[in-house]
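Heads up, the thing below is written out as structure tokens.
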Amino acid sequence: MAGEILVIENLQLNLGGKPLLKGLNFNVRAGERVVLFGPNGAGKSSLLYALLGFPGYRPQSGRIYFKGRDITGLSVNERAKLGLGLAFQNPPSLRGIKLREMLKICRKDISDGEIEKTSKDMKMEEFLAREVNLGFSGGEAKRAEILQILAQRPELALFDEPDSGVDLENVELIGKQINAYLARNTGIVITHQGYILNFVQATRACVLYDGAIICSGNPKEILEDIREKGYEQCVRCRIRKHE
């Protein structure tokens with residue numbers, strides 16, 4: 001596991017009695033910026049939820065190692081303290097909690113100066129006194145979600161489709177901030193359309209299909225193949241390699 005911040009071994013995850021992840025193996029080295037592709041329903045978001053240990057997403061078998069430690073049985077809170085953080089695809093609205101308060105919950109030692117600077121970078125200064133995501137547009141909610149991850153400073157940051165449901169201006173802003181953060185950290189970015197790759201310099205792409213990672217390689221090349229030929233081409237390519 002030397003140099004690997006995340007190691008997933010033979011992960012089996014069933015949801016509603018249906019197998020979703022089927023003996024999945026997946027490693028991420030420290031400093032990597034991995035983009036994860038896959039068709040709708042492939043289990044991309046479920047994989048991230050399993051990494052955080054959300055109730056209902058505990059694997060039936062397999063192990064998850066983070067920084068060399070087996071975290072398979074740890075709680076969400078324990079995993080977050082170790083350095084895992086997730087930006088949701090559809091961030092919830094939270095009544096009674098102001099965004100500034102949430103940023104201080106994300107990291108106890110965050111300074112007011114850092115809050116102001118990071119909020120300015122995300123164009124969220126005017127939202128600090130508002131309840132989290134309440135009445136926010138799609139782009140504003142996504143910016144607030146990324147802001148919380150930047151405040152938390154996780155060693156492994158997980159971004160679930162940060163480019164979905166937002167306009168091109170927000171995709172550029174969000175993408176550039178994610179890229180700046182991942183220049184010094186490790187991350188996994190799920191994307192469906194691939195727009196975020198115009199701004200995030202991913203080092204490796206993986207394709208999740210039918211419960212397993214079936215392809216890994218150059219992000220832009222894999223994205224181009226998916227756009228031109230679809231995910232079935234990835235399956236055919238894998239079959240040819242094993243013939």
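Every read-out reported here was derived from the displayed coordinates using simple, explicitly stated rules and does not represent laboratory data. Just so it is clear, the structure is predicted and the values come from calculations on it, not from any experiment. FYI the Cβ positions are ideal-geometry reconstructions off the backbone, even for glycines, and counts take in every protein chain you see.
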Checklist line | Restricting the range 143-191 to trypsin sites (Lys or Arg not before Pro) in coil, as DSSP defines it, with at most 15 other Cβ within 10 Å | finding: Arg184
Checklist line | Fraction of the pair-distance distribution of the range 81-192 above 23 Å, Cα-Cα pairs, percent | finding: 19 percent
Item checked: Nearby aspartates and glutamates by direct alpha-carbon distance to Lys104 (threshold 13 angstrom, same-chain neighbours under 8 apart not counted) -> Asp112, Glu114, Glu116
Check: What list do you get for Met122, Met102 if you sort them by fewest beta carbons within 10 Å?
Finding: Met102, Met122
Margin query: Report the gain in length on full extension from Leu94 to Glu155: 0.36 nm times residue separation, minus Cα-Cα distance, nm rounded to one decimal.
Written below: 19.4 nm
Next item on the list: Bin all alpha-carbon pair distances of the range 1-138 at 10 Å intervals from 0 and give each bin's fraction as a whole percent.
Entry: 10, 33, 31, 22, 4
Next item on the list: Please list, or write none, the lysines whose alpha carbon is within less than 20 Å of the alpha carbon of Lys176, excluding same-chain residues fewer than 8 places away.
Entry: Lys117, Lys120, Lys123, Lys142, Lys220
Notebook entry, point to check: Which parts of the range 60-81 would a label at Glu9 reach, counting a residue when its backbone N lies under 16 Å from a point 7 Å out along Cα-to-Cβ?
Noted result: 60-74
Notebook entry, point to check: Residue-wise, which Karplus ³J(HN,Hα) couplings in Hz belong to the range 53-65, taking 6.51 cos²θ - 1.76 cosθ + 1.60, θ = phi - 60°, and x for glycine or proline?
Noted result: x, 5, x, x, 10, 7, x, 6, 7, x, 10, 10, 10
Margin query: Students often get this wrong, so try it: which of (i) 18.5; (ii) 19.6; (iii) 17.4 is Kirkwood radius over Cα pairs in Å as calculated from the structure shown?
Written below: (i)
Item checked: D (Stokes-Einstein, µm²/s), Kirkwood Cα radius, the range 20-77, 0.890 mPa s at 25 °C -> 195 µm²/s
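Listing Cys106, Cys206 from the residue with the fewest other Cβ atoms within 10 Å to the one with the most, what is the order? Mind dumping the intermediate values first?
Working: Cys106 18, Cys206 22.
Fewest-to-most Cβ neighbours within 10 Å comes out as Cys106, Cys206.
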Note to self: Could you give each residue of the range 181-186 its phi-based ³J(HN,Hα) in whole Hz, using Karplus coefficients 6.51, -1.76, 1.60 with θ = phi - 60°, and x for Gly or Pro?
What the structure shows: 5, 6, 5, 10, 9, 10
Checklist line | Sequence-distant aspartates and glutamates (8 or more away, or on other chains) whose Cα lies within less than 19 Å of Lys18 | finding: Asp210
